[in-house]
Amino acid sequence: MRDHHTFDIDAFEHELKTTPNPLPLFQKALKQGAEELQSLFKAGEPVTTLVHSRATQIDDLLRSAWRYYLPADAHLALIAVGGYGRGELHPGSDVDILILLGDEDHAHLNEHLGLLLTFLWDIGLEIGHSVRTLAECIQEAEKDITVTTNLMESRLLAGPATLFNAMREATGPKKIWPSDQFFAAKWEEQKQRHSKYGDTAYNLEPNIKEGPGGLRDIQMIGWVAKRYFDANNMRDLVIEGFLTKREYQALIKGEAFLWKVRFALHTLNNRREDRLLFDYQRTLATQFGFRDKEDTLAVEQFMQIYYRNIMRLNRLNEMLLQHFEEAILLKDQLDEPVRINARFQSRNGFLEVTRADVFRRYPIALLEIFLLLQQNPALKGVRASTIRLIRHNRHLINNSFRSNLGARTLFMEIMRQPQGITHELRRMNNYGILARYIPGFRNIVGRMQYDLFHVYTVDEHTLVVIRNLRRFAVPEHAHEYPLCSEIMDSLPKPELLYLAGLFHDIGKGRGGDHSSIGAVDALEFCQHHGLSDFDSQLVSWLVKKHLLLSMTAQRKDTSDPDVIQDFAKEIGDTTRLDYLYLLTVADARATNPARWNTWKNALLRELYLATKQALKRGLHKPQVLDELIREKREDALMQLKKAGISRKCAEQLWSTLSEEYFQHTSATALAWQTRQVLESSPADLPLVLLRRQTSRGGTEVFHYGKSVDGLFALATTILDQLNLNIVEARIETASTGYTLNSYQVLDNGKPISGEDRKQEITAALKSGLSEKELAGQRVSRRIPRRLKSFSTQTKITFWQVPGHQLTVMKLITDDRPGLLSQVGWAFASCQIRLHTAKIATIGATAEDIFFITDSDNRPLTESVQFDCIRETLLENLGEGNS
């Protein structure tokens, strides 16, 4: 190991005696020490050496400063506390110190201490300090367990050892915070800390120190060990029998990995930074030697290793804390066991094996234990000693195990249980059993996707999908998604749906289409587990087509009967449709819960209901567009009649509108818009109205007024400035030269609510849309930090809609404020008329569909038209001539 002294302390002390101003000398030493450590880090020096070397450097400088500013006979002690007390300092870590005062009056030292502390800040140290007497230390430690923890890790740097030892004894477990109270308080502290991070180690931008599985969890084990066992380090826990050598090595290895990441983060930022933000993930992946592969980005490879490390540490933390609970809180006073069967028993509400060699003698008990937990819901979990045995016997799950009829039967029984499926699959994943039993699952454990669309790793996402599916089957949750719960209740074999959820993303990261790869795995697994050919094919089909319904709803014009007919043909029957719809809703909600909203729910529901109607009608009897429009108009006329609007007035207005308007507008919306237009006067224009659409989960912003070039661009600019999310737009220009424009919007993912907010939106639109100079309006909102970390190559493609006089433009680009308005200005510049827009944001990427024509309502055919849109739009987006 390299010598911790990275500069010559004797030469430093000699120069200090002769210099009139010590500040430059200390600053130089601090800078040189930091630069040397960074150089060593880049050269591959073990980070464990560097972290301790950093602490040793600071020790030397603090002792020198202490001697320089404090009289030799001063009765006070300089003490390192917290992480610095452990002898661990990263480049940006705070240097926490305690100046412990003796009993006598120290007023004459106040000026000396003030000069010292100011000097330490001036040389560039991030000092966290406290100045206390022994009595004050005891008082603060009694009130705050964090203070107790810091003092417990203290280390004397200078001053009387007797004073330091007195403080350690006075704040030790025999005087305050006995080990049982200390453990209970620290455990509660950890629970609250984990809750702050969503109780998951799989955050997109994890905190490597405070998050679940992070450095603080390792320190938690050390704190308990010190308090209860009076252990100097975690190695002592091996001697005490509370930690195996393998577990100790896993903790040390995991800590070293996190230290390496933290050291790099601090170096990269030249300050303390414990959040592994998107900004840094790519940089660190490259720095650590990862390179992009055909099927996996370098950053995804790095983050998978990161997530797997913190998951292992999180598992160890939970198991060891359960061990500590038995030893410290229960004091090993366990109840008599209650026998469950020959292999398992219950003790103090936890499941345990009846003998230590159960798994070796009867390997399939590694699956049986999870079934027993489902069948005995009163059990609180698994005893730590049994968790350890599971971990140590996982290697028994091999090809022979997977071929065992008993094992296959047990797994399917787990999937068929009426309760506990989600909990036990999650537990199986935490214990490493799921990846052993389904080898393909190992590849997705800890696998992240570098985008803002997927907020979970693939394995965590998969388990959340199954949780969502299970909620559809629980009566207490039927109010959340009534249609889904109703469908779920009618499914003949729910386990097929759970299997599809388990396998739907298992093919990710293996090259090629993950849906097709997963379908092959699912088919083989189902057949191997004795499912019928029909059931096996259904599960495989669901995995292969699990994105079909979502993509159709978001990217196609589902108001077109031909689209519904084609989709229904691909589905084939109502059974497949039911299973696919439930899987799609569960999957969409589990991808990014924050981005799931009532609008997406409505899109999926509308497509499901329309397809079910088509399947019931029969694929040989497709609904034609004329029939659909006729039905809508008659329904709307009946509603208008009740409102006192004559058929003649309505049809006179409708004669000025296009067929596409009736195709895309529901009967209710048609009646409402018609009434608003007919009852308005010229003085009311521009007419701006808001209507909540309960069935569609959003709010309709309706605008009626004189048609002006650039109107769509201006309206979207105003809506964007109001922080409204536009999810759909319908633009209709009547032959009279007036427009009936409808925008479906969400406000923070929900319909617009509150009268003040509604008035603000209405007033802004009426004022903005009345401006004579339209082109001067631009969105000025800043791009959010997270979006800046991602870059999508802009792609603009065109195609014709068969049987319709429309051209489709698809835009894929970085999501950004004002994107729709930039598209609108490009259309206005090129004399393009927009009819319908379907807006989809997938993470940091916008994938928007626009149905357009030329100014004479004809589809685009000339290359010059396409070139104009493409060049103008790229220029507007700042990507021209690139």
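The values are calculated or read from the model by the stated rules, or taken from the named source; none is laboratory data. Remember, predicted model here, so these are calculated numbers, not experimental data. All Cβ positions, glycine included, derive from the backbone under ideal geometry; neighbour counts span all protein chains shown. Areas reflect the complete protein model, heavy atoms only, side chains present, ligands, DNA and RNA absent. Shrake-Rupley method; radii C 1.70, N 1.55, O 1.52, S 1.80 Å.
Residues are listed down the side, and each one gets a yes or a no for (1) out of contact with any strand residue (DSSP E or B) (no Cβ under 7 Å at 6 or more places or on another chain); (2) touching a residue at least 40 places away in the same chain (Cβ under 8 Å); (3) open to solvent by 30 Å² or more (accessible area, probe 1.4 Å); (4) part of a helix (DSSP H, G or I):
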{"site": "Glu142", "(1), (2), (3), (4)": "yes, no, yes, yes"}
{"site": "Val147", "(1), (2), (3), (4)": "yes, no, no, yes"}
{"site": "Ala166", "(1), (2), (3), (4)": "yes, no, yes, yes"}
{"site": "Gly172", "(1), (2), (3), (4)": "yes, no, no, no"}
{"site": "Lys175", "(1), (2), (3), (4)": "yes, no, yes, no"}
{"site": "Phe183", "(1), (2), (3), (4)": "yes, yes, no, yes"}
{"site": "Arg193", "(1), (2), (3), (4)": "yes, no, yes, yes"}
{"site": "Ala201", "(1), (2), (3), (4)": "yes, yes, no, no"}
Residue list for segment 533-562, filter: more than 26 Å from Thr598 (Cα to Cα), within 30 Å of the chain's Cα centre (by Cα) and surrounded by fewer than 21 Cβ atoms within 10 Å (Cβ to Cβ): Trp541
Can you list the helices (runs of 4 or more DSSP H) found entirely within segment 233-310 that contain at least 3 residues being at pLDDT 90 or above and open to solvent by 30 Å² or more (accessible area, probe 1.4 Å)? 245-269, 278-287
Filter result for the condition that a residue is within 30 Å of Ser695 (Cβ to Cβ) and of a type in the set (Val, Ile, Thr), over Val474, Val543: Val474
Every residue in segment 711-724 that is more than 21 Å from Asp756 (Cβ to Cβ) and open to solvent by 10 Å² or more (accessible area, probe 1.4 Å), please. Leu711, Phe712
Segment 729-742, residues that are open to solvent by 50 Å² or more (accessible area, probe 1.4 Å) and not in a strand (DSSP E or B): Ser735, Thr736
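Quick grid of which residues meet (1) in contact with a Ser or Thr (Cβ under 6 Å, 6 or more places away or on another chain); (2) part of a strand (DSSP E or B); (3) at pLDDT 90 or above; (4) among the aromatic types (Phe, Trp, Tyr):
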{"site": "Leu719", "(1), (2), (3), (4)": "no, no, yes, no"}
{"site": "Gln744", "(1), (2), (3), (4)": "no, yes, yes, no"}
{"site": "Asp756", "(1), (2), (3), (4)": "no, no, yes, no"}
{"site": "Gln759", "(1), (2), (3), (4)": "no, no, yes, no"}
{"site": "Leu765", "(1), (2), (3), (4)": "no, no, yes, no"}
{"site": "Ser770", "(1), (2), (3), (4)": "no, no, no, no"}
{"site": "Ser791", "(1), (2), (3), (4)": "no, no, no, no"}
{"site": "Gln805", "(1), (2), (3), (4)": "no, no, no, no"}
{"site": "Val808", "(1), (2), (3), (4)": "no, yes, yes, no"}
Lone unmet requirement of (1) open to solvent by 40 Å² or more (accessible area, probe 1.4 Å); (2) closer than 27 Å to Gly572 by Cβ; (3) in contact (Cβ under 8 Å) with a residue 24 or more places away in the chain; (4) not in a helix (DSSP H, G or I) for Glu606: (4)
Of residues in segment 444-455 being under 19 Å from Thr584 (Cβ atoms) and surrounded by fewer than 22 Cβ atoms within 10 Å (Cβ to Cβ), the one farthest from the chain's Cα centre (by Cα): Phe453
Hey, can you tell me all the residues within segment 33-54 that are touching a residue at least 12 places away in the same chain (Cβ under 8 Å) and either among the hydrophobic types (A, V, I, L, M, F, W, C) or not in a helix (DSSP H, G or I) (or both)? Ala34, Leu37, Leu40, Phe41, Glu45, Pro46, Val47, Leu50, Val51
Gly530: passes all of (1) within 30 Å of the chain's Cα centre (by Cα); (2) surrounded by fewer than 21 Cβ atoms within 10 Å (Cβ to Cβ); (3) assigned to a loop (DSSP other than H, G, I, E, B); (4) modelled with pLDDT of 95 or more but (1)
Just to be sure I understand, how many residues within segment 656-684 are open to solvent by 40 Å² or more (accessible area, probe 1.4 Å), in contact (Cβ under 8 Å) with a residue 12 or more places away in the chain and small (Gly, Ala, Ser)? 1
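For every residue, the table says whether it meets (1) in a helix (DSSP H, G or I); (2) farther than 27 Å from Asp513 by Cβ; (3) polar (S, T, N, Q).
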site: Ser540; (1), (2), (3): yes, no, yes
site: Val543; (1), (2), (3): yes, no, no
site: Asp566; (1), (2), (3): yes, no, no
site: Lys569; (1), (2), (3): yes, no, no
site: Tyr579; (1), (2), (3): yes, no, no
site: Val585; (1), (2), (3): yes, no, no
site: Ala594; (1), (2), (3): no, yes, no
site: Trp599; (1), (2), (3): yes, yes, no
site: Thr611; (1), (2), (3): yes, no, yes
If you go through Val677, Val688, Val701, the only one that is β-branched (Val, Ile, Thr), part of a helix (DSSP H, G or I) and under 26 Å from Ser753 (Cβ atoms) is Val677
Checking Val358 against (1) closer than 26 Å to Ser403 by Cβ; (2) surrounded by fewer than 20 Cβ atoms within 10 Å (Cβ to Cβ), which test does it fail? (2)
Selection over segment 471-510 where residues are open to solvent by 30 Å² or more (accessible area, probe 1.4 Å) and not hydrophobic (A, V, I, L, M, F, W, C) yields a count of 15
Taking segment 81-104 and the residues there that are open to solvent by 10 Å² or more (accessible area, probe 1.4 Å) and in a strand (DSSP E or B), the one that is farthest from Asn150 (Cα to Cα) would be Leu101
When you scan segment 852-861, do you find a residue that is farther than 25 Å from Leu657 by Cα and either among the acidic types (Asp, Glu) or not in a helix (DSSP H, G or I) (or both), even just one? no
Filter segment 341-379 for residues that are more than 33 Å from the chain's Cα centre (by Cα) and among the charged types (D, E, K, R) and give the result. Arg343, Arg347, Glu352, Arg355, Asp357, Arg360, Arg361
Check segment 38-47 and report whether any residue there is in contact with a Lys or Arg (Cβ under 6 Å, 6 or more places away or on another chain), open to solvent by less than 20 Å² (accessible area, probe 1.4 Å) and modelled with pLDDT of 95 or more. yes
Just one of (1) open to solvent by less than 30 Å² (accessible area, probe 1.4 Å); (2) assigned to a helix (DSSP H, G or I) trips up Lys632, so point out which. (1)
